[in-house]
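Heads up: the structure comes next, in structure tokens.
The values are calculated or read from the model by the stated rules, or taken from the named source; none is laboratory data. Just so it is clear, the model here is predicted, and its values are computed rather than measured. Here Cβ is always computed from backbone atoms with ideal geometry, including for glycine, and neighbour counts include all displayed protein chains. SASA here: full protein model, heavy atoms, side chains in, ligands and nucleic acids out. Shrake-Rupley method; radii C 1.70, N 1.55, O 1.52, S 1.80 Å.
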Amino acid sequence: MPDHDVDLFIIGAGSGGVRAGRIAASYGARVMIAEEYRVGGTCVIRGCVPKKLLVYASRFSEEFEDAAGYGWTVPEPTFHWPTLIANVNRELTRLEAAYTSTLERNKVALVKSRAVLEDAHTVRLANGARVHAETILIATGGWPYQGPKIPGLEYAMSSNEAFQLKELPKRIVIQGGGYIAVEFACIFAGLGSEVTLVYRGDNILRGFDDDIREHLRGEMRGRGITVICGHTVAAIEKTGDEFVTQLSDSSSVASDKVMFAIGRRPNIMGLGLDSLNVNIHEHGGIAVDEFSRTSVPHIYAVGDVTNRVNLTPVAIREGHAFADTVYGGKPTPVDHNNVPTAVFSEPELGVIGLTEMQAIEQLHKVDIYKSSFRPMKATLPGRDTRMFMKLVVDGTTNRVVGCHIAGPYAAEMIQFIGVAVKMGATKDDFDATMAVHPTAGEELVTMREKALSYTGGIALN
Ligand SMILES: Cc1cc2nc3c(=O)[nH]c(=O)nc-3n(C[C@H](O)[C@H](O)[C@H](O)COP(=O)(O)OP(=O)(O)OC[C@H]3O[C@@H](n4cnc5c(N)ncnc54)[C@H](O)[C@@H]3O)c2cc1C
């Protein structure tokens, strides 16, 4: 008889933990998983899923406006936030139940409790009970970071609370320039709020291709969002029901809500890692090898808590690969290169691979192809919006090493462009692919003129 209670104890029933538990159990492991809040984790309960539902809701305003250009007469539409939130919450409850029954079906024992590490093989639950496990997987995700203490910080909500507001704010100030800040700015603007986005950097979406960043910023401005870069929030004052947000240049903005979305931090506080000598990476996540193994034998970590690529499909892949490696006899490293990703802004973005700047830094020869055009659907309503696409090509091998799209369905497009880029498709392969007409995507296989070429980092045209 083994002297441990379970083969595997997983802390956190989010994207990574649930997948790891299900797959490990399918290989015959006795698995227990602890969840301190709601099964499904960030993605299902306060991330991707509720966010995308709010994005859908926010896009109706433009649809109603554009309908007139296509001959429709739409009565003055009205929007009711409490109905939206109630419907979203009902869907989240359904998904949580589906995740829970997946665990039950796969014979993964679920404990609704916080769990912390006592030693390398012992987990302690909130009621003091101890569970001995041969292997422990930490999948505790991340948490919103609210920044250094400033006066009035307690008035700033995070994305967690934004999903549960009682009413739609008429005016909102959002601090942050990453994808969560940008997405919420577009959601609130689409639903009718007056939005001010404040970001300390020189432009939103640091790390994305510069042309895409500039394009989106312009489109956001065109939709009435005030984007203030190069400033931070210095203080927040409450006067009655109103907040006055003071910026670093001493200007101020009045609003009904203030939200900070300035980053997330791995959820490692109080887990008991210090006494176990589990190494923490300099970026703040649990340090792991390519098999998600920590510095302590039999302790593994997957997902946002490792701060590698903080996206749901990556956490799921890491959890699955962990189970294949440890219980399936198939050592499976996870490849974090060329991860396609989307920003559900308005317009949305889909990107994969190198930006133009990264390519110039990493490759000897680089060719850039660009296209900017008015999407066909915008023509009849006369909407002033443009689509933008860029291909980054390795000038030596002709391989497409980056693709950046801003416009309707960019997220859907990048999923499949991702397959081509991952397979090492060349620009010639793109050119040889017949266009699908009339679509926006056809532009990706019909860009013939180089916009720019670089050799040794020097632009040639
Ligand atoms: C607003 C927002 C929008 C997002 N949008 C997208 C998107 O569009 N696409 C995308 O790919 N990704 C998106 N993400 C990121 C995505 O949600 C995460 O990358 C993903 O959820 C990470 O999964 P995980 O398993 O690592 O952690 P999580 O899903 O965060 O799960 C961790 C779980 O562990 C639990 N837990 C923590 N500590 C303990 C403990 N000590 N004991 C017991 N339980 C504990 C938590 O309650 C949580 O349920 C978004 C995130 C946010 C915040």
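Per-structure values
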{"read-out": "Hits in region 292-313 (condition: open to solvent by 50 Å² or more (accessible area, probe 1.4 Å), more than 8 Å from the ligand (Cβ to nearest atom) and not in a strand (DSSP E or B))", "value": "S295, P297, H298, R308"}
{"read-out": "Search result, residues across region 122-142 that are surrounded by fewer than 19 Cβ atoms within 10 Å (Cβ to Cβ), under 23 Å from F322 (Cα atoms) and not polar (S, T, N, Q)", "value": "R124, H132, E134"}
{"read-out": "Unique residue being surrounded by fewer than 18 Cβ atoms within 10 Å (Cβ to Cβ) and under 29 Å from F184 (Cα atoms) when the list is Y99, Y145", "value": "Y145"}
{"read-out": "Some residue of region 258-271 being assigned to a strand (DSSP E or B), free of Cβ contacts under 8 Å to residues at least 60 places away in the same chain, touching a Pro at 6+ places or on another chain (Cβ under 9 Å) and over 30 Å from V326 (Cα atoms)", "value": "no"}
{"read-out": "Tabulated pairs, region 136-152, first under 18 Å from R317 (Cα atoms), second of a type outside the set (K, R) and more than 10 Å from the ligand (Cβ to nearest atom), C-beta under 6 angstrom, 6+ apart or interchain", "value": "I136/F9; I136/I299; L137/Y300"}
{"read-out": "Matching residues, region 314-339, being open to solvent by less than 30 Å² (accessible area, probe 1.4 Å) and part of a loop (DSSP other than H, G, I, E, B)", "value": "G328, V334"}
{"read-out": "Residue check, K170 open to solvent by 40 Å² or more (accessible area, probe 1.4 Å), free of Cβ contacts under 8 Å to residues at least 60 places away in the same chain and either in contact with a Cys (Cβ under 6 Å, 6 or more places away or on another chain) or of a type outside the set (S, T, N, Q) (or both)", "value": "no"}
{"read-out": "Count of residues meeting criterion [surrounded by fewer than 21 Cβ atoms within 10 Å (Cβ to Cβ) and at positive phi] in region 173-205", "value": "1"}
{"read-out": "Odd one out for E318, checked against (1) within 13 Å of the ligand (Cβ to nearest atom); (2) in contact with a Pro (Cβ under 7 Å, 6 or more places away or on another chain)", "value": "(2)"}
{"read-out": "Selection count, region 130-151, where residues are at pLDDT 95 or above, over 14 Å from L117 (Cβ atoms) and within 16 Å of the ligand (Cβ to nearest atom)", "value": "5"}
{"read-out": "Members of region 272-290 that are within 28 Å of Y179 (Cα to Cα), assigned to a loop (DSSP other than H, G, I, E, B) and among the hydrophobic types (A, V, I, L, M, F, W, C)", "value": "A287, V288"}
{"read-out": "Selected residue [buried (at least 21 other Cβ atoms within 10 Å of the Cβ), at pLDDT 95 or above and under 25 Å from D119 (Cβ atoms)] from G285, G350", "value": "G285"}
